[in-house]
1. Taking amide H positions as placed 1.01 Å from N in the peptide plane, with prolines and chain starts having none, which residues 5 or more places from Leu127, or on another chain, fall under 5 Å of its amide H?
2. Where does region 40-149 land on the Kirkwood hydrodynamic radius, alpha-carbon pairs, in angstrom?
3. Once you put a point 7 Å from the Cα of Asp67 and another 7 Å from the Cα of Val145, both along the Cβ direction, what distance in nm separates them?
4. So, R0 is 22 Å and r is the distance between the beta-carbons of Met23 and Val55; what FRET efficiency does that work out to, to 0.05?
5. Between Glu13 and Phe94, what is 0.36 nm times their sequence separation minus the Cα-Cα distance? Round to one decimal in nm.
6. Around Leu63, under 14 Å between beta carbons, what's the net of Lys plus Arg minus Asp minus Glu among the other residues?
Amino acid sequence: MSPIKIKLAKDIEMLEIKMRRLMENMFGPWSASTPAAAHSYHPAADIYETPESLVIRMELAGLNKADISLTLHRQELAVCGRRRFPSSEPVQRFYHLEIEYGNFERRFQLPKAVEEARVEAEYNNGLLIIRLPWRQAGPSQRISVKEEE
């Protein structure tokens, strides 16, 4: 292998390490050793914040709504499912196969507390959009201080 290719490979590896650290700082720890890595399919996700909520948008083309499961526990959202291979006829030979099939699991650490009862999920045209409204702080309460007698 030429020195240029080795240097490029090292640069790409360093970029990957830096990106992993950046993502961990923003969204919490993740690595290839998490249970999600045992699944065969890793759907893409966009995560953004609005003044009212956190929004997670996932690309899940080819799934049925019944194949998607959402679980919210404390400040972690788990999105699980399965994309099934669509062909019912026997396949003799593949010439090109890029679409991923199988089970998937994505876990997202939420940066703030959310109103669990108001979480909404919508699946349309292959996109799953999850809206997690921020938990509002309750009204301030004045506390009186008693004097010792």
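We did not get these values from a lab; they are worked out from the coordinates using the rules stated. For clarity, every value in this text was computed on a predicted model and none was experimentally measured. Positions of Cβ are backbone-derived with ideal geometry, glycine not excepted, and every protein chain shown enters the neighbour counts.
1. Under 5 Å from the amide H of Leu127 lie the amide H atoms of Leu60, each far enough along the sequence or on another chain.
2. 16.8
3. 6.3
4. Taking R0 as 22 Å, the efficiency between Met23 and Val55 is 0.80.
5. Extra length from Glu13 to Phe94 when fully extended: 26.0 nm.
6. 0
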